[in-house]
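One structure is given below, encoded as structure tokens.
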Amino acid sequence: MRPKRVKAFAPATISNLGPGFDVLGLAIDRPGDFVIASRTRETGLTFSVRAGSVEVPTSVEENVAAHVASLMLDEFKPSFGVNMVLEKRMPVGSGLGSSAASSAAAVVAVNALLPRPLKKTELLRFAVEGERKASGSPHADNVAPSLLGGLCLIRSYDPLDVVSVPIRNTLVWVVVHPHIVVRTEDARRMLPDQVPLRSAVRQWGNVSGLTVGLMKGNARLVGMSIEDVIVEPVRATLISGFHEVKRAALDAGAYGCSISGSGPSIFAVAHSMRSAKKIGTAIMEEFTRTSGITSDVYISRVNLEGAHILKKIRR
């Protein structure tokens, strides 16, 4: 018997990971978004948001979670409808895949109610439409790891081909979210249209080194490869005190440090939880010292599970 009500969770993500613009991303344990979905007698979707102080679109037409849920219902046409509640816990415009987490949680929740649920990988084509809705571009480097967990490589966008990369989950990831907002659309508009060949070659080498380093659990190689010579220099201008904060992270023992997604969150890599806490404190204190900005710190290893169902009610 399929459940009549479910609660799903989808985690935040770090995308780009330095040099891997639009092609690399990994999931972390927190923060994340929750979706509660229930079957209804009337067909179609009813939708609401619980978001506290976060400004989130509440209409079916504008919210990414409702949008991807509607796409699924339109395609599969179940004999029932769905009432969906998005519990928005993620900060918007954080560089942590806020829209991706909402979309991933929504597709997993609706899928669990269907008579013939799809595999997770088959849900990705719906989830990326949430990214298209949010930023105008169906990039998958946030939504793929949020949905599937682990480290994801976007080998191709046409057609979409996502590779789940096997890793040694030994490193610890530090994410600091300063309390400022960077809109993904704005961050994408400022990117260069052309890249010098020398810069491209260096970037390709770093993407490859980073991927191999994560597969082997080679902290030194990972640290050397978290170098972005194309996107970071441009987007750093959107984050007050970025260069001072990055230096503070490296001085505190981070193997590498860069911008998470489009920012303003900063990520760093550590060899242990103890070291990660030291690095997180150093970044947070430097944001306060240089810019007077408060921030939140999240520390975890790579989340290998991704979006999943927390609770099922069958009656």
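The values are calculated or read from the model by the stated rules, or taken from the named source; none is laboratory data. Predicted, not measured: the structure shown is a model, and the values here were computed from it. No Cβ is skipped: glycine too gets one built from the backbone with ideal geometry, and neighbour counts run over all protein chains shown. The area values use the complete protein model at the heavy-atom level, side chains included, leaving out ligands, DNA and RNA. Shrake-Rupley method; radii C 1.70, N 1.55, O 1.52, S 1.80 Å.
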Response to the item:
Stokes-Einstein, Kirkwood over Cα pairs, the stretch 178-294, 20 °C, 1.002 mPa s; D in µm²/s equals 143 µm²/s
Item to complete: For Asp158, Asp33, Asp251, write out the residues from largest to smallest accessible area, computed with a 1.4 angstrom probe and no ligands counted.
Response: Asp158, Asp251, Asp33
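With every protein chain present, what is the per residue accessible area of the chain (1.4 Å probe, Å²)? Each step should come with its number before you reach the end.
Working: 14030 Å² over 315 residues.
With the other protein chains kept in place, the chain gives 45 Å² per residue.
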Item to complete: Quick one: accessible surface of Lys133, probe radius 1.4 Å, all protein chains present, in square angstrom to the nearest 10.
Response: 80 Å²
Discussion item. Using amide H atoms built in the peptide plane, which far-off residues or other-chain residues are under 5 Å from Phe47 H to H?
Written reply: Met84
Item to complete: Using only Cα atoms, figure out Rg for the stretch 167-232 and give it as a multiple of 2.2 N^0.38 Å.
Response: 1.36
Worksheet item: Tell me, what HN-Hα J-couplings in whole Hz come from the Karplus equation 6.51 cos²θ - 1.76 cosθ + 1.60 at θ = phi - 60° for each residue of the stretch 98-110, using x for Gly and Pro?
Response: 4, 5, 5, 5, 4, 5, 5, 5, 5, 5, 5, 5, 5
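Net charge within 12 Å of Lys278 by Cβ-Cβ distance, Lys/Arg positive one each and Asp/Glu negative one each, not counting Lys278 itself? Intermediate results must be reported in sequence, preceding the final value.
Values: positive: Arg274, Lys277; negative: Asp251, Glu285.
Once positives and negatives cancel, what remains is 0.
If you take every residue apart from Lys246 with its C-beta less than 10 Å away from the C-beta of Lys246, what net charge results, scoring Lys and Arg +1 and Asp and Glu -1? Present the calculation step by step, with values, prior to reporting the outcome.
Numbers: positive: Arg247; negative: Glu232, Glu244, Asp251, Glu286.
Here the charged neighbours net out to -3.
Give the dimensionless ratio obtained when the Cα radius of gyration of the stretch 1-118 is divided by 2.2 N^0.38 Å. Provide the component values of the computation, followed by the final result.
On the way: Rg = 14.6 Å, N = 118, 2.2 N^0.38 = 13.5 Å.
Taking the Cα Rg and dividing by 2.2 N^0.38 Å, one obtains 1.08.
Mind scanning Lys120/Lys216; Lys133/Lys311; Lys4/Lys277; Lys216/Lys278; Lys88/Lys119; Lys7/Lys216 and naming the pairs with a C-alpha gap bigger than 32 Å? Numbers along the way, then the final one.
Values: Lys120/Lys216 26 Å; Lys133/Lys311 28 Å; Lys4/Lys277 42 Å; Lys216/Lys278 25 Å; Lys88/Lys119 25 Å; Lys7/Lys216 35 Å.
As for pairs spanning more than 32 Å Cα to Cα, those are Lys4/Lys277; Lys7/Lys216.
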Worksheet item: Can you give the three extents of the C-alpha atoms in the chain along their principal axes, from longest to shortest, in whole Å?
Response: 59, 39, 37
Worksheet, complete the sentence: The answer for Leu310, listing residues at least 5 apart or on another chain whose modeled amide H is closer than 5 Å to its amide H, is Lys7, Ala8, Phe9
Worksheet item: Taking Cα atoms, how many degrees apart are the long axis of helix 120-135 and the longest axis of the chain, rounded to 10 and kept between 0 and 90?
Response: 70 degrees
Discussion item. Please list His243, His179, His67, His139 from largest to smallest accessible area, probe radius 1.4 Å, with all protein chains kept in place.
Written reply: His243, His179, His67, His139
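Would you tally the net charge around Ile299, using a Cβ to Cβ cut-off of less than 10 Å, leaving Ile299 out, and scoring K and R as +1, D and E as -1? Please report the intermediate quantities before stating the final value.
Values: positive: Arg30, Lys277, Arg301; negative: Asp29.
Once all neighbours under 10 Å are counted, the net charge is +2.
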Discussion item. Can you work out the Karplus-derived ³J(HN,Hα) for every residue in the stretch 198-214? Use 6.51 cos²θ - 1.76 cosθ + 1.60 with θ = phi - 60°, whole Hz, and x for glycine or proline.
Written reply: 4, 5, 4, 4, 5, 5, 4, x, 5, 4, 5, x, 5, 5, 5, x, 6
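At a 1.4 Å probe, what is the % contribution of carbon and sulfur to the accessible area of the chain? It would help to have the intermediate numbers written out before the result.
Numbers: 7120 of 14030 Å².
Carbon-and-sulfur percentage of accessible area, whole number: 51.
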Worksheet item: In degrees, nearest 10, range 0 to 90: what is the angle between the Cα axis of helix 242-251 and the longest Cα principal axis of the chain?
Response: 70 degrees
